[in-house]
Amino acid sequence: MNEFGTVLENVDLKKYNTYGIGGIAKYLIMPDSIDALSNLLKYLNENKMPWYVLGGGSNVILPDDDFSGVIIKLDQLNSYEVKNDTIIAESGILLGNLINKMLSDGFINYASLMGIPGSFGGAIVGNAGCYGKNIFDDIISISLIDKDGNFKTLKKSDIKYDYRYTEFKDTKNIIVKAEIKGIKGDISKALENIKQNMEKRINTQPLEYKNAGSVFKNPPDLSAGYLIEQAGLKGFTIGGAKVSLKHANFIINYHNAHSCDIISLIDAIKEKVKKEYGIELQLEQIVVRWDNNGE
Ligand SMILES: Cc1cc2nc3c(=O)[nH]c(=O)nc-3n(C[C@H](O)[C@H](O)[C@H](O)COP(=O)(O)OP(=O)(O)OC[C@H]3O[C@@H](n4cnc5c(N)ncnc54)[C@H](O)[C@@H]3O)c2cc1C
């Protein structure tokens, strides 16, 4: 498979997700072009090899078991260009790098997203956002390779998206690049906002532990963290996973947590919050299950 890009074998997935959990993947491939990705998908389909695309692994709960297939990572698809006021970025670029490049070109519109870890592609899939700004606000179009290896471009108006949701969460499409509307503005003000937001993150989030950001979406007009805290669950621990004392909507890998510890903790939180408040918390993080048979 070397013709498709960089191939690693028997990869410990703990190093590829921010919870630091997971088993061994038989292969991890980083395609070196969009064409190579398309050919790789056709090859994997022909050979009935299962695959899963991973960005920065900062929004996923990977399984404890090993994966007999191929992890696809788009780190080498990381180009960035500007045409007039439109930015065209490949999905493997880290979100922080994209924002820095935009700022260098005078575009301030994604500045408040600084601090969200992971790739641009992962941010698109979950419509990542914070401080009132979401990735989809300024998307013009998205290009993808579908599960059969075909290239397509979709206009924003043809894509279903919502708060921390896009239709890409339910498909096997691989996002390869997107066009963003660039908005120019006061760079020094944007940099000052970034500084304040980063300080806020350090003060309110358990960044000293492995975690994958907010576990649950906020229910309409409510805060998931507040509900979990009020239910008395701060510090609640199962195995190596613990509800953060700093922010109750964060689960931390406190001590060699397994995926099953995190999932048991999620189930326990959902049950208690439902019992206390009658509210069904919805997961923001993505529970991954391997398809070891390539079906
Ligand atoms: C400390 C911390 C703070 C965070 N703060 C925020 C925040 O403020 N706001 C917020 O929204 N999120 C936040 N997150 C969550 C997370 O960083 C974001 O959801 C991020 O956008 C995920 O990107 P990723 O590349 O890590 O995606 P991954 O976790 O690797 O993947 C997420 C999903 O997208 C899929 N995927 C990834 N790339 C592609 C692609 N190119 N094509 C198709 N599918 C793809 C994966 O298969 C998976 O289903 C935080 C996480 C941490 C650890």
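Just so you know, all these numbers are worked out from the coordinates, no wet-lab data involved. Keep in mind that this is a model prediction, so the values were computed, not measured. As a convention, Cβ positions derive from the backbone with ideal geometry for all residues, glycine included, and neighbour counts pool all protein chains shown.
Over all directions, the average projected area of the alpha-carbon convex hull for segment 1-109 comes to how many nm²?
On the way: hull surface 31.0 nm².
Directional mean of the projected Cα hull area for segment 1-109 stands at 7.7 nm².
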What number, in nm² with one decimal, is the all-direction average of the projected area of the convex hull of the alpha-carbon atoms of segment 90-199? 6.6 nm²
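Based on Cβ point charges of +1 for Lys and Arg and -1 for Asp and Glu, what charge dipole magnitude is obtained for segment 80-189 about its Cα centre, in debye rounded to the nearest 20?
Numbers: 15 positive and 14 negative charges, 19 e Å.
Dipole about the Cα centre, nearest 20: 100 debye.
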Would you mind pulling out the separation of the Cα centroids of segment 216-295 and segment 88-135, in Å? 26 Å
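With 10 angstrom as the radius, rank S141, S79 by how many other C-beta atoms surround their C-beta, starting from the fewest. Could you put the intermediate results ahead of the total?
Numbers: S141 17, S79 12.
Ascending Cβ contact count within 10 Å gives the list S79, S141.
Quick one: order L74, L265 by neighbouring beta-carbon count within 10 Å, fewest to most.
Details: L74 26, L265 22.
Lowest to highest Cβ neighbour count: L265, L74.
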What's the FRET efficiency of L8 with K156 using the Cβ-Cβ distance as r and R₀ = 25 Å, to the nearest 0.05? 0.10
Give, rounded to the nearest 20 debye, the magnitude of the charge dipole that segment 69-117 has about its Cα centre when Lys and Arg contribute +1 at Cβ and Asp and Glu contribute -1 at Cβ. 100 debye
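Please give the charge dipole size of segment 10-60, origin at the Cα centre, charges +1 on K and R Cβ atoms and -1 on D and E Cβ atoms. Round to the nearest 20 debye. It would help to have the intermediate numbers written out before the result.
Values: 5 positive and 4 negative charges, 41 e Å.
I would put it at about 200 debye.
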Summed residue charge, Cβ within 13 Å of N17's Cβ, Lys/Arg positive, Asp/Glu negative: +2
Projecting each Cα onto the charge dipole of segment 136-295 (Lys/Arg +1, Asp/Glu -1 at the beta carbon, about the Cα centre), which of I269, G149, L207 comes out farthest on the positive side? L207
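Relative contact order for the chain using alpha-carbon pairs under 8 Å, separation at least 6, rounded to a whole percent? Intermediate results must be reported in sequence, preceding the final value.
Numbers: 614 pairs, mean separation 55.6, N = 295.
Relative contact order, the chain: 19 percent.
More than 36 Å apart: what percent of Cα pairs in the chain qualify? Walk me through the numbers before you get to the answer.
Details: 7496 of 43365 pairs.
Percent of Cα pairs beyond 36 Å in the chain: 17.
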What is the Cα convex hull volume of segment 208-286 when expressed per residue in Å³? 80 Å³
Once every DSSP H run of n ≥ 4 in the chain is given -39500 (n - 2.57) and the sum is divided by its residues, what mean residue ellipticity at 222 nm do you get, rounded to the nearest 500 deg cm²/dmol? -7500 deg cm²/dmol
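Arrange the following residues from fewest to most other Cβ atoms within 10 Å of their Cβ: Y163, Y254, Y19.
Numbers: Y163 13, Y254 20, Y19 24.
Ordered by Cβ neighbours within 10 Å, fewest first: Y163, Y254, Y19.
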